[in-house]
Amino acid sequence: MENYNPSINNSQLTLIAGSDTDLRGQGVENPSMENDVPADPRRESCLDCSRKANTVLYIPSDKYVNGTTKNDEFKPTVKKWMMEKTSNCFTKKNLLKRLPICAWLPEYNTTSGVSDLVAGITVGLTVIPQAIAYSNVAGMPPQIGLYSSFMGCFIYTILGSVKDSAIGPTAISGLLTRENVHDFGVDGAVLLCLLSGIVQLLMGCLQLGFLIDFISGPVSIGFTSAAAIIIATTQVKDILGLSVSASNFLDGWENIFMHITETQLWDVLLGVSCMVIILFLRKSKDFQIGPSDPKERKPIHDFLAKSIWLISTARNIFVVIFCAVLAYFFECRGTHPFKLTGEVKPGLPELKPPPFETTVGNKTYNFVEMTTTMGSAMIVVPLLGILENIALAKVFSEGKAIDATQEMLAIGVCNIASSFVGSMPVTSALSRGAVNNASGVKTTFGGIYTGLIVIVSLHFFTPYFYYIPKASLAAVIIAAVVFMVELHVIKPIWRTKKTDLIPATATFLSCLFLRLELGIAIGVGINLLSLLYASARPSVEIEKLTARSGIEYLLITPDRSLAFPSVEYVRASVSKAGVKHGSSSIPVVIDARHIQGADFTAAKGIKLLIEDFLNRNQMLLFFNLKPSVIGIFEGLKPKGFKYCGTYHELEETLQKYSPGNCGTNGTGPVVVVN
C-alpha cells in the first residue's frame, strides 16, 4: 500500500456497476502490460484500493444486464414514475418549502404580530407616494401605481420566503414598462404584468434561477446606475414645471433644453426644497440623540430617537402631505402656482382578466400582435424583476441561504394575480425592504397591513391626491434613485480586477444611450466572451526541474480542463515549449491535475501532440491524469499511448530515458502517470 496515490479525492468518486468493471469504466488494458513490463502486484493492490475508495454504491452488474431487482421492477412504468413524483411533491417537507406560511404561522405570537403591524403601516405610508410617483415613471395614470401595490403583498405573505420583501412597483420596473409597452398604454402594462408572472413562474418550475448568475456584479452595477440616471431625467421636467415628453435619455435632455425658457419658478422652488428636506430627513435617523452609554440615557432620549426615526422613515409621505396641503391652500385662494397630479380614479380596481387585445387609434391589436410588439421585454422584464428580488433577499438574508426557486415562484404568482387588478409589473423594492427591516418586521405578514393601507387610501383618499404637486413626487423619485448610481464601487473594482470595468462601462453606456434590455444583453455578452476567451486560452505554466535521479525535465501545467476551444492552444504551447525550452530532447511532463474533463476534439489534439513528440524522439509524460480522461484519450487509440500509476514508476521511466533508447523507429516512449 506504499504506492497508494494520495491525489485521489472526493471529486473523483464514481459509481461502480459490476464487480468486474475497470476503474476507468472503459475496459482499459493493464498499463503495465502495454509497456511490456510485468504487472506489478503493488500496482494491482493500488488500483483495487482506488476502486474501493472511488465506489459510492456497488450495484451488481446483472442488475443492469437483466434489468431486474428483487421485485422485478427495476425500470418503473411511466404511470408509476408519475405517481411517485406526484407523491413526493406533497410531502410535509415540500409543503413547508413551497408554502412558507405553513412554517411560521403555527409559531406566530403577539410579539411578532405587533412588530409586523408597525412595519406594515410604516411601509404602507412609504409605498403610497412611491406608487403614485412610479406611475409617472411608467407613463401611466397615478392610480395604476396604487393598483400595483396591494395584491402582490397579499400573495407574497403566503408564498414569500423573505420577511423583509415588500412587493409593489419599483423605479426600474416602471422604467422598463415605459420603454416596452409602446403605444398600448395601460392595457399593455397590465398584459406585460401577466406575461412577466407567467415567465417567472415557469422559470421557478423549471429551476432556471442559474440564469441570474449570468448577470455579473459589474453588469448589474452598470445597469442600475444607468437606469437611475434615466429615471431622474424623466423627472427633471416635473421639477422644472415643463410639459415635455421624451422616448429616451438624449431626447429627454434635448426637449428640456429646448423648453428651458418655460421653466416655472414655483415648481423649481418646491421641487428643490423637497429634495433637500427628504435628503436631510434620510440622514437624520443617524443623528445621535443623547449619550451613547445606555446607563446615562433617559426615557426622553429614547422617545426622541424613535420619533426622529419614524419621521425619517416616513419622510416621503410627510413631505407629500405637506405639499398637497400647501397646494390646496393656494387653490382655495384662486392661485395655481404648482402643476398638480390631477384626478386619480377613486375606488378599488375591477377584478377582471388582463386585456388580450387593445385599440390604438383606429387599429385593434390582438394578443399575438401585442406580444410580438413587446418582443424581448417578455424575457427582460421578468428576469430583472427576479434580479431585484434576489438582490434584496441577499442584503437582508443574515447569512441564510436564499431559495431562488421559491422566490421566482412567489414573484411569478404575485404578478399573475396583480394583473387581474390592473397592475403593471411588480417586484421587491430595496428601499421598502430597508424600511421593513428597520421597522423590525418578523414575518411576511407585514405585507397584509401594507396592502390594507393601500386599499384604504384607494377607497377614501383618492380625491385628495388631486392636490399633490408633481414637483414633490419628482423630488421623491430623484432623492431615491440618486443612491442607485454606484460610483463608490469603481475604486474597489479597479483595485481587484480592472478588466471588470469593461462590461460595467459598456452596460452603463448602452443602457443610457440605447435601450435598457440591449445594454443588459451587451454586458452579458461581453462577460461571456471573456469567459470563452479564458476557456480558449488557459494559462500554461512551464518549469524546468530535475528528478531525484538527476535527469532534467520540463513540467508543463495547464490551469483548466481541455475542451475544443483550448486544445489547439495547449498543443501549440506544449510543442513549442518542448522545442524551445526542452531542446527537442529532454523529457516533457504534463501535470494534468487541473484537467478534470476532455472531449473528442481534445482527444484528437492530444493524439496529434503525441505524434509530434514521437516524430522528434522526445519523451512526453502526462502526470495526474484522471481515469475518466484516460478513457477519452484512449477512444482514438493514439499510437504509443501508455501510462503508469505511481510516482515510483514515473521515476523509473525517467531513469530509463536516454537519447539512445527513445525508440528505434522514431517512436519514443509516451507515458501517462496518474
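The values are calculated or read from the model by the stated rules, or taken from the named source; none is laboratory data. It should be emphasised that the depicted structure is a prediction, and the values quoted were computed from it without experimental measurement. Please note: Cβ atoms are built from the backbone with ideal geometry, for glycine as well, and neighbour counts cover all protein chains shown. Heads up: the accessible areas ignore ligands, DNA and RNA and are worked out on the full protein's heavy atoms, side chains in. Shrake-Rupley method; radii C 1.70, N 1.55, O 1.52, S 1.80 Å.
Taking a 1.4 Å probe, which of Val395, Val567 shows the most accessible area, and what order do the others take after it?
Descending accessible area places them as Val395, Val567.
Roughly how many Å² of Met140 are accessible to a 1.4 Å probe, to the nearest 10?
Using a 1.4 Å probe on the heavy atoms, I get roughly 20 Å².
With all pairs of different alpha carbon atoms counted, what Kirkwood hydrodynamic radius in Å does segment 101-173 show?
13.4
When all protein chains stay in place, what accessible area (Å², nearest 10, 1.4 Å probe) is found for Trp266?
140
For a quick check of understanding: with a 1.4 angstrom probe and all protein chains in place, what accessible area in square angstrom does Met408 have, to the nearest ten?
0
Taking every pair of distinct Cα atoms and averaging 1/r, then inverting, what Kirkwood hydrodynamic radius in Å comes out for segment 338-468?
By the Kirkwood definition, the hydrodynamic radius is 17.7 Å.
Could you rank Lys639, Lys80 by how accessible they are, 1.4 Å probe, largest area first?
If we order Lys639, Lys80 from most to least accessible, we get Lys639, Lys80.
Output the pairs from Lys580/Lys637; Lys580/Lys604; Lys237/Lys497; Lys491/Lys576; Lys576/Lys637 with a Cα-Cα distance over 30 Å in this structure; if there are none, say none.
Violating the 30 Å Cα-Cα cut-off are Lys237/Lys497; Lys491/Lys576.
Tell me, how many Å apart are the Cα centres for segment 554-605 and for segment 492-510?
32
Need one word for segment 175-227: rounded, prolate or oblate. Basis is the Cα gyration tensor (sqrt eigenvalues a ≥ b ≥ c); a/c below 1.5 gives rounded, then a/b vs b/c decides.
Since a/c reaches 1.5 but b/c is at least a/b, the shape of segment 175-227 is classed as oblate.
Hey, can you rank 593-605, 299-311, 189-201 by average C-beta count inside 10 Å, highest first?
189-201, 593-605, 299-311
If all Cα-Cα distances of segment 250-330 are sorted into 5 Å bins from 0 onward, what percent lands in each bin, rounded to whole numbers?
In order of increasing distance, the bins hold 3, 12, 15, 15, 13, 13, 11, 7, 5, 3, 3, 2, 0 percent.
Starting from one equal scatterer on each C-alpha and no solvent at all, send me the Debye-based log10 I(q)/I(0) for segment 184-267 at q = 0.11, 0.21 Å⁻¹, two decimals.
Debye output, listed in q order: -0.53, -1.02.
How do the peptides 438-450, 460-472, 549-561 rank, highest first, by the average count of neighbouring beta carbon atoms within 10 Å per residue?
438-450, 460-472, 549-561
Which part of segment 448-487 falls in the paramagnetic zone of Val244, meaning amide N under 17 Å from the point 7 Å along Cα-to-beta-carbon?
471
Could you calculate the contour length gain from Gln288 to Glu398, that is, 0.36 nm times the residue separation minus the distance between their Cα atoms, to one decimal place in nm?
37.1 nm
Sorted by accessible area with a 1.4 angstrom probe, largest first, how do Ile167, Ile632 fall?
Ile632, Ile167
Starting from the Cα of Tyr108, step 7 Å along the direction of its Cβ; do the same at Phe367; then give the gap between the two resulting points in nm.
Inter-label distance under the simple model: 3.5 nm.
Could you tell me which of rounded, prolate or oblate describes segment 346-386, using a ≥ b ≥ c as the square roots of the eigenvalues of the alpha-carbon gyration tensor, with rounded for a/c under 1.5 and, failing that, prolate when a/b is larger than b/c and oblate otherwise?
oblate
If you take the Cα Rg of segment 474-513 and divide it by 2.2 N^0.38 Å, with N the number of residues, what do you get?
Here the answer is 1.42, to two decimals.
Compare the peptides 204-213, 478-487 by average per-residue count of other Cβ atoms within 10 angstrom and give them in order, highest first.
478-487, 204-213
Roughly how big is segment 299-368's charge dipole about its Cα centre, with Cβ charges of +1 (Lys, Arg) and -1 (Asp, Glu), in debye to the nearest 20?
120
Fully extended, how many nm does the chain gain between Ser273 and Ile198 (0.36 nm per residue separation, minus their Cα-Cα distance)?
So the extension gain works out to 22.7 nm.
Mind scanning Lys283/Lys345; Lys163/Lys285; Lys92/Lys163; Lys93/Lys442 and naming the pairs with a C-alpha gap bigger than 27 Å?
Cα-Cα > 27 Å for Lys283/Lys345; rest within.
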